[in-house]
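S.K.: I'd like to ask you about the structure that follows.
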Amino acid sequence: SDQQIVCTGCGVKIQTETPDELGYAPQSSLEKESVVCQRCFRLKHYNEVQDVGLTDDDFLKIINGIGEKDALIVKIVDIFDFNGSWLPGIQRFAGKNPVILIGNKADLVPKSVKQNKLIEWMKKESKDQGLVPQDVFLVSAAKGKNIRETAAAIDQYRKGRDVYVVGCTNVGKSTFINRIIKEVTGEGDVITTSHFPGTTLDIIQIPLEDGKSLIDTPGIINHHQMAHYVDKRDLKVITPKKEIKPKIYQLNEGQTLFFGGLSRFDYLSGGRRSFTCYLSNELEIHRTKLENASELYEKHAGELLTPPRPEQLDAFPKLVRHEFSIKEAKTDIVFSGLGWVTVNEAGAKVAAHVPEGVHVLLRKSLI
Ligand code: GDP
C-alpha cells in the first residue's frame, strides 16, 4: 500500500518492486519521513543521474508538455542503432522548438569511417524521418569525446532558454548528462530536482548559470529494440564496447550466417561474393548451409547459438524472415540493435531473420 507515497524530490509515485523503473525506492526507505526515489537520491548524493524506463503514456505526457515550452530540445540517438533508437514523432511534439541531434557512441564506429560523412548521413537520415535538426553532433559520452564542444554549442543554441534532453533507453543519455553535469558544475554543488507541472513524472533539472535549466527526461522504452529480448548479461555481448572490427565473409549461394541465436542472414542468390558484418566483437557468428539452418536452430538455439540462453528460449520471440533483393552496391542490411551486414555489390538476393517485433531495414552503406 505504498501507492500514496510520492518522491519529495520530483513528485513521482514511489514503488518498491522494480529498480529499473520510474519511482523506485527500496522498501527500507519508506520508513523515513521524507522519501526520495532512487533517481533523485543518486543525483543528490552522487551528482549522477540514473536512467529509468518510461511508459508510452508517460512519454506522451512529457513530450506534449515540452511542445508548449520555449526551449531547446537535445535528442540523443545511439549511432550504432540509429533507427532503433530514433524517437518517432519528436518533430511533431517539439512544436516550434529547435532540435539538436546528438549521435552517441562514436567510439564504436570503425576508424575508417569519416566523422563528417557520418554527420552528413545523420542529417540525411533525420530529414527522411521528418526532422530537420538545427545541428548534428557526434560524441562519445563514455570516452568524453567532443563533449565540451557539444556543451558549448548547446549553450549557444539555447539562447537563454531551458534545454530538454530526450532519448530512448540505452542510448547513453545518463552517461552524456553526467558528463555535462561535470562540465557545467565542475565539482560544484548539488543539483535540484523538480516536479513537471501537471504530471507526476520523474524530471530532473540541472541549474544553468542564467537561472534556466538543463532538464533530463526519463528514457523512453522503444519496444522493438533488440535489448528488450535478451538477458541483461547478454546485453554485454550484443552491445559493442570497443571499436567494431568488421568481419568479412565470402559466401556461396545457399549459405547462412547465425548471429548467436538472435538473428540469421541467408544468402540466397547472386554468385560467390563477400559480405561484411558489423556486429559486437563478442557476438559469435556461425556459418552453415541454408538447407540445414532451420534444423540447426531448432536443435542448438540457446547452446551453440547463444544468446538467447536456454532458460529464455520459451519466452524468446520466433524469428521472422524478411527477403530482400539488393539493387544497389554498398547496401547495409540493418538488424536493429545488433548491427548490420554490408552487401558490397548489387544483385544479391538475401533473407534476414529477426525476432518478431525487431526491425530490419535497408540503407545506403554507412561505410
Ligand atoms: P541511458 O539508458 O540512455 O541513460 O544509457 P546509459 O547512460 O545507461 O548507457 C547505456 C549503455 O551504453 C551502457 O552500457 C553504457 O556504458 C553505454 N554507453 C554510454 N555511452 C557510451 C559511449 O559513448 N560509447 C559506448 N561504447 N558505450 C556507451
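S.K.: Quick check on my filter: what residues within segment 4-45 are under 27 Å from P207 (Cβ atoms) and of a type in the set (S, T, Y)?
M.R.: T8, Y24, S29, S34
S.K.: Could I ask something else about it? Tell me, yes or no, whether segment 283-292 has at least one residue that is in a loop (DSSP other than H, G, I, E, B), of a type in the set (S, T, N, Q), surrounded by fewer than 17 Cβ atoms within 10 Å (Cβ to Cβ) and without any contact (Cβ under 8 Å) to a residue 60 or more places away in the chain.
M.R.: No: zero hits.
S.K.: Considering only residues that are touching a residue at least 60 places away in the same chain (Cβ under 8 Å) and over 17 Å from W121 (Cα atoms), which ones fall in segment 342-353?
M.R.: Initially, segment 342-353 is screened for residues touching a residue at least 60 places away in the same chain (Cβ under 8 Å), giving 342-345, 347-353.
Selection gives V343, N344, E345, G347, A348, K349, V350, A351, A352, H353.
S.K.: I'd like the full set of residues that are out of contact with any Pro (no Cβ under 8 Å at 6 or more places or on another chain) and among the β-branched types (V, I, T), limited to segment 207-255.
M.R.: Scanning segment 207-255 gives I215, T217, I220, I221, T239, I248.
S.K.: Next question, about the same structure. Return the residue satisfying two criteria in turn: it lies in segment 140-167 and is near the ligand (Cβ under 7 Å from one of its atoms) and crowded, with 21+ Cβ neighbours inside 10 Å, and of such residues it is nearest to A227 (Cα to Cα). Spell out how you get there, then give the answer.
M.R.: From segment 140-167, those near the ligand (Cβ under 7 Å from one of its atoms) are 140-143, 167; that's our starting set.
Narrowing the set further to residues that are crowded, with 21+ Cβ neighbours inside 10 Å leaves 140-141, 167.
Details: S140: 20, A141: 20, G167: 15 Å.
Among those that are near the ligand (Cβ under 7 Å from one of its atoms) and crowded, with 21+ Cβ neighbours inside 10 Å, it is G167.
S.K.: For segment 78-99, enumerate the residues that are within 24 Å of G357 (Cβ to Cβ) and of a type in the set (S, T, N, Q).
M.R.: N83, S85
S.K.: Does segment 257-266 hold any residues that are over 14 Å from H322 (Cβ atoms) and either among the aromatic types (F, W, Y) or more than 23 Å from the chain's Cα centre (by Cα) (or both), and which are they?
M.R.: Narrowing segment 257-266 to residues over 14 Å from H322 (Cβ atoms): 257-262.
Scanning segment 257-266 gives L257, F258, F259.
S.K.: Quick one: I220 ticks every box in (1) more than 30 Å from K318 (Cβ to Cβ); (2) within 16 Å of the ligand (Cβ to nearest atom); (3) modelled with pLDDT under 80; (4) of a type outside the set (G, A, S) except a single one, so which number is it?
M.R.: Every listed condition holds for I220 apart from (1).
S.K.: Name every residue in segment 303-324 that is surrounded by fewer than 19 Cβ atoms within 10 Å (Cβ to Cβ) and more than 18 Å from V360 (Cα to Cα), in order of residue number.
M.R.: E303, L304, R309, P310, E311, Q312, L313, D314, A315
S.K.: Something else about it: So L319 clears everything in (1) more than 19 Å from F80 (Cα to Cα); (2) out of contact with any helix residue (DSSP H, G or I) (no Cβ under 9 Å at 6 or more places or on another chain) except one condition, right? Which one?
M.R.: That leaves (2) as the condition not met.
S.K.: Going by what's in this entry, would L131 be described as modelled with pLDDT of 95 or more and among the aliphatic types (A, V, I, L, M)?
M.R.: So L131 fails the test.
S.K.: Tell me, which residue of segment 230-253 that is over 21 Å from V350 (Cβ atoms) and acidic (D, E) is nearest to the ligand (Cβ to nearest atom)?
M.R.: Ranking the qualifying residues of segment 230-253, first place goes to E243.
S.K.: For H353, only one of the following conditions fails: (1) surrounded by 14 or more Cβ atoms within 10 Å (Cβ to Cβ); (2) touching an Asp or Glu at 6+ places or on another chain (Cβ under 7 Å). What is its number?
M.R.: Among (1) surrounded by 14 or more Cβ atoms within 10 Å (Cβ to Cβ); (2) touching an Asp or Glu at 6+ places or on another chain (Cβ under 7 Å), H353 violates only (2).
The values are calculated or read from the model by the stated rules, or taken from the named source; none is laboratory data. This structure is a prediction, so every number in the text was calculated from the model and none was measured. Note that we place each Cβ from the backbone using ideal geometry, even for glycine, and neighbour counts take in every protein chain shown.
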